Amino acid sequence: MSEDQGGYNRTLTSNNQINRLLTKLVQDVSEFTENQLDQIKRLTQIGTALSAEKSLDHLLEMIVDHARKFTNADAGTLYIMSDDETELNFAIVQNDLLKVRMGGTGGEISWPPIPLKNADDSPNYANVSAYAAISGETVNIPDVYDAKGFNFEGTKKFDKGTGYRSKSMMVVPLRNHENDIIGVLQLLNAQDPSTGDVIIFSQECQEMTLSLASQAAVALSNNRLIHDLQNLLESFIKTIATAIDEKSPYTGGHVRRVAELTMTIAQKVNHANEGPFASIKLSDDQLQELRLAAWLHDVGKITTPEHVVDKARKLETVHDRINEIRARFELLKKEYRLEMQKNTSNQDNSGVKTSEELAEIIKQLDEEYKFLAELNNGSEFTRDEMIARINEIAKRTWLVDGQTMPLLSADEITNLSIRRGTLNDEERNIINNHALVTHKMLSQLPFPKKLRHIAEYAAAHHEKIDGTGYPMGLKGDQISLQSRIIAIADIFEALTAKDRPYKVGKTMAEALKIMEFMVKDNHIDAELYALFIKEKIYEDYMNSKSVP
Ligand SMILES: [Fe+2]
Ligand SMILES: [Fe+2]
């Protein structure tokens, strides 16, 4: 027999099997009552609804709601296994007759958990829910008042206090796809749909509830897994961002404050019912994406040397070189003083400077050093005549190991001549490069689809509306609303921070004035800035921020 024929025969065989299975299925289905088919349909719908629910609180409530509806139970309790698997925590408590709805969206239940072990380390089989969690068995009790083997004293006490009568009970363990028991569902008082009388949970009802329980367990596990991963991602991002912030003692807290301010602005955008933002509603996923982008906006600073980030003086490298210059001035002065002494001991002064002249030079040197030291602070704009004076001073010479050297090196002249602030062009480029590095780093990370814009939002926080920003020189609409929000938060935080070495913190009024100029210059988003002012976001921020 050829292989083809063999294949044909195998196909025939498998077709026969399928036909037999289909015939059996049709027979089985035809044996189902309409009610059973309806219940299977409902189970499928419940499974779909449970797996689609993102909020854990809603999911927990849905499980009990659906299970009660499905079994026509008056009350239901859902327990979730503790992380160390030693006890069951109350997650949801519902009782229709007593009008009780606790847990889930209503907040945590403060009732003490049920231990899975007794004080002597033996399993707590007396508690029916603990028993189901330990044994993995379903317990179906017609009347808890007659039940043997379990302790229902607590239930009876509860009934006495409330006038309730607990009767039929079904307790089902929630087993996930890894076969771990992650919780217990307890249903109480099944009711006859037509009479409302309490009846026992039927066998059929038990099987269906088991199926529902396993769907609930898988949905819960998935939900927990997603939340755990999200938590891990968020914590990891915050740890990295904080570590980079902490590289410099001066920027510590910057990223956290920018992230907080970003979210405040975003919330105000979302709540705006009129004006340019009335139609913008960022979803929860978009808000999360924005929050993480804000946390990561300066992640590129990981490659920026601290001495550049923290450069407080024009001459600073790893240390402030003004001290070296000071030493040179002192040496020069010493030379002139020596010369003065020689003048007084030597009567023949022809061809050398008089003592008065030398004293004048020493005075000049003091003034020149004072001028350079002040210039080194970078607090003042450096004008042309100041730069000319630096170059004049640099022409002086001093002796090193018998060699004549200029008083200031070319690099010192360049740095002292910085027009504004303390950074020279090269250092400014190094600082600016962090936005590009942010983009490079983040765009390589496989963020989930809903967080896919993080790199774009984070890296564009130094872009300006008029296209003069960096790293890409994006213009107008090319800059997303999210990046514009982070930009405003970043600028306001930086302006008002009091912990930077290169500048004193500006008052709120000064900061707002500077930002007004930025609006006029078309650097930041005018509409967002108007919202920032109208909603007094700056005030709330200044009042709440935890910096000195
Ligand atoms: Fe930045
Ligand atoms: Fe920043």
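Report the antiparallel proportion of the DSSP beta bridges in region 56-151 as a percent, rounded to a multiple of 5.
Within region 56-151, antiparallel bridges account for around 100 percent of the total.
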| task | Based on the mean of other Cβ atoms within 10 Å per residue, sort peptides 235-243, 301-309 so the most packed one is first. | result | 301-309, 235-243
| query | Under the classification rounded if a/c is under 1.5, otherwise prolate if a/b is larger than b/c and oblate if not, where does region 94-160 fall, given a ≥ b ≥ c as square roots of the Cα gyration tensor eigenvalues? | reply | oblate
| message | Give me the mean projected area, in nm² to one decimal, of the convex hull enclosing the Cα positions of region 219-260. | response | 3.1 nm²
| message | Suppose R0 equals 45 Å. What FRET efficiency, 1/(1 + (r/R0)^6) with r the Cβ-Cβ distance, do residue 475 and residue 38 give to the nearest 0.05? | response | 0.15
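What is the magnitude of the charge dipole of region 115-186 about its Cα centre, with +1 placed on the Cβ of each Lys and Arg, -1 on the Cβ of each Asp and Glu, and no other charges, expressed in debye to the nearest 20?
About 360 debye.
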| query | Convex hull over the Cα atoms of the chain, averaged projected area in nm²? | reply | 48.9 nm²
| query | To the nearest 0.05, what FRET efficiency results for residue 238 and residue 517 with a Förster distance of 35 Å applied to their C-beta separation? | reply | 0.60
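If R₀ is 51 angstrom, what is the calculated FRET efficiency for the pair residue 125 and residue 246, using the beta carbon separation as r and rounding to 0.05?
Numbers: r = 52 Å, r/R0 = 1.03.
Efficiency, rounded to the nearest 0.05: 0.45.
Suppose every K and R has +1 on its Cβ and every D and E has -1 on its Cβ; what is the size of the dipole of the chain about the Cα centre, in Debye to the nearest 20?
Numbers: 63 positive and 81 negative charges, 156 e Å.
Computed charge dipole of the chain: roughly 740 debye.
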| Suppose every K and R has +1 on its Cβ and every D and E has -1 on its Cβ; what is the size of the dipole of region 27-141 about the Cα centre, in Debye to the nearest 20? | 400 debye
| query | Got a sec? Charge dipole of the chain, +1 on Cβ for Lys and Arg, -1 for Asp and Glu; which of 112, 315, 177 is way out at the positive end? | reply | 315
| Computed label-point distance, nm, for sites residue 148 and residue 273 using a 7 Å Cα→Cβ extension | 6.7 nm
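Which entries of 311/498; 54/450; 238/536; 333/363; 513/534; 268/513 show an alpha-carbon separation above 18 angstrom in the structure shown?
Pairs exceeding 18 Å: 238/536; 268/513.
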| task | Name the lysines eligible as straight-distance cross-link partners of residue 157: C-alpha to C-alpha under 16 Å, and not fewer than 8 places from it in the same chain. | result | 167
| field | Linear extension gain, residue 342 paired with residue 117, 0.36 nm per residue minus alpha-carbon span | value | 71.2 nm
| In terms of Cα to Cα distance under 16 Å, which aspartates and glutamates are near enough to residue 117, apart from those fewer than 8 places away along the same chain? | 83, 84, 85, 87
| What order do you get for 295, 111, 398 when you list them from fewest to most C-beta neighbours inside 10 Å? | 111, 398, 295
| note | Extension length gain for residue 377 and residue 452 (0.36 nm per residue less Cα distance), in nm, is 22.7 nm
| message | Could you tell me which residue out of 193, 235, 248 lies farthest along the dipole of region 183-274 toward its positive end? Charges go on the beta carbon: Lys and Arg +1, Asp and Glu -1, centred on the Cα centre. | response | 248
| message | Testing the spin-label approximation: label points 7 Å from Cα along Cα→Cβ at residue 370 and residue 384. State their distance in nm. | response | 2.7 nm
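So what is the calculated 222 nm ellipticity per residue for the chain, using -39500 (n - 2.57) for each DSSP H run with n of 4 or more, over all residues, to the nearest 500 deg cm²/dmol?
-18000 deg cm²/dmol
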| said: As an exercise, identify the chymotrypsin sites (Phe, Trp or Tyr not before Pro) in region 317-387 lying in DSSP coil whose Cβ has no more than 14 other Cβ atoms within 10 Å. | reply: 381
| What list do you get for 209, 354 if you sort them by fewest beta carbons within 10 Å? | 354, 209
| Put +1 on the Cβ of each Lys and Arg and -1 on the Cβ of each Asp and Glu in region 50-114; which of 52, 71, 86 then has its Cα farthest toward the positive end of the dipole? | 71
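Values quoted throughout were computed directly from the atomic coordinates according to the rules given, and no laboratory measurement underlies them. If you're wondering where the values come from, they're calculated on a predicted model, not measured in any experiment. All Cβ positions, glycine included, derive from the backbone under ideal geometry; neighbour counts span all protein chains shown.
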